[in-house]
1. Taking the criterion of being part of a strand (DSSP E or B) and either among the β-branched types (Val, Ile, Thr) or assigned by TED's automatic domain parsing to the domain that holds VAL136 (or both), would at least one residue in segment 34-46 satisfy it?
2. Just a yes or no: is a residue in segment 53-70 closer than 19 Å to LEU200 by Cβ, touching a Lys or Arg at 6+ places or on another chain (Cβ under 6 Å) and part of a loop (DSSP other than H, G, I, E, B)?
3. Among the listed residues ALA169, ALA156, identify the single one that is assigned by TED's automatic domain parsing to the domain that holds HIS81, in a helix (DSSP H, G or I), surrounded by 14 or more Cβ atoms within 10 Å (Cβ to Cβ) and in contact with a Lys or Arg (Cβ under 6 Å, 6 or more places away or on another chain).
4. Only one of (1) farther than 30 Å from ASN123 by Cα; (2) at pLDDT 85 or above is not met by ARG83, so which one is it?
5. Looking only at segment 25-41, decide whether some residue is aliphatic (A, V, I, L, M), exposed (fewer than 10 other Cβ atoms within 10 Å of the Cβ) and out of contact with any helix residue (DSSP H, G or I) (no Cβ under 8 Å at 6 or more places or on another chain).
6. With respect to the numbered conditions (1) buried (at least 18 other Cβ atoms within 10 Å of the Cβ); (2) at positive phi, which one is the sole condition not fulfilled by GLY184?
7. Please tell me if ASP134 is modelled with pLDDT of 95 or more and in a helix (DSSP H, G or I).
8. List pairs: first residue in segment 97-119 and modelled with pLDDT of 95 or more and surrounded by 11 or more Cβ atoms within 10 Å (Cβ to Cβ), second residue among the hydrophobic types (A, V, I, L, M, F, W, C) and not in a loop (DSSP other than H, G, I, E, B) anywhere in the structure, Cβ distance under 9 angstrom, at least six positions apart or on different chains.
Amino acid sequence: MNTPNNIIMLWLKSSLTELRVALVATLSLAFLLCGVYPLMTWTIAQVVFPQKANGSIIVRDGRVLGSFLIAQRFSGPGYFHPRPSAAGNGYDAAASGGSNLGPTSQKLVDEVRKRVDRYRMENGLRASDPVPADAVTTSASGLDPHISLKNALVQARRVSHARGMNEDAVRGRIAAHTEGRDLGFLGEPRVNVMELNLDLDDLHGKP
């Protein structure tokens, strides 16, 4: 006969069993997912592609210059310029983000118009010459390290003149740093600005 005391004891025994199973499952999963799996993933990454796993950091003469994954401000005439940035005060990796201005925003229209005028003036374009969209609009992150191939080719004349180089030589370096479409069909050909500028500095010195 099940007395109240027996029922309570059976309930306590069942509860303790379930609690023990829950604790064992929690600790086992914590060990596997918070210990073994991250350690295994980190080890494989460090062995197979250590540079990418550590943030694609650029180190020259023991000094960290930045990352191939994060855009930096280049404003001199002898350098290729990245996309405009709305991240913080511009290219701030701690404040990644866009401007949040929509296509009907007058402020956005005015800013783009100013950028178009400045881009044409910097690169010796006529008022009727088209301007690549990525040259005058910010990316969603504000840290996009790439520009379109068309944007890079437009800037080639300015950079070659400022560096005293043959324009064909500069275009050759652009071609060498042009990345194709992902998987052969996703996106557009693009150029990593940091890689290209550092390459020009290494080959021909700073402008």
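The values are calculated or read from the model by the stated rules, or taken from the named source; none is laboratory data. Only a predicted model underlies this, so the values are computations on that prediction, with no experimental measurement involved. Methodologically, a virtual Cβ is constructed for each residue, glycine included, from the backbone with ideal geometry; neighbour enumeration extends over all protein chains shown.
1. no
2. no
3. When all the criteria are applied, what remains is ALA156.
4. Of everything listed in (1) farther than 30 Å from ASN123 by Cα; (2) at pLDDT 85 or above, ARG83 misses just condition (1).
5. So far as segment 25-41 goes, no, none of its residues is aliphatic (A, V, I, L, M), exposed (fewer than 10 other Cβ atoms within 10 Å of the Cβ) and out of contact with any helix residue (DSSP H, G or I) (no Cβ under 8 Å at 6 or more places or on another chain).
6. So GLY184 meets the others, but not (1).
7. The answer is yes for ASP134.
8. Going by the 9 Å Cβ cut-off, the qualifying pairs are ARG115/ALA135; VAL116/ALA135; TYR119/ALA135; TYR119/VAL154.
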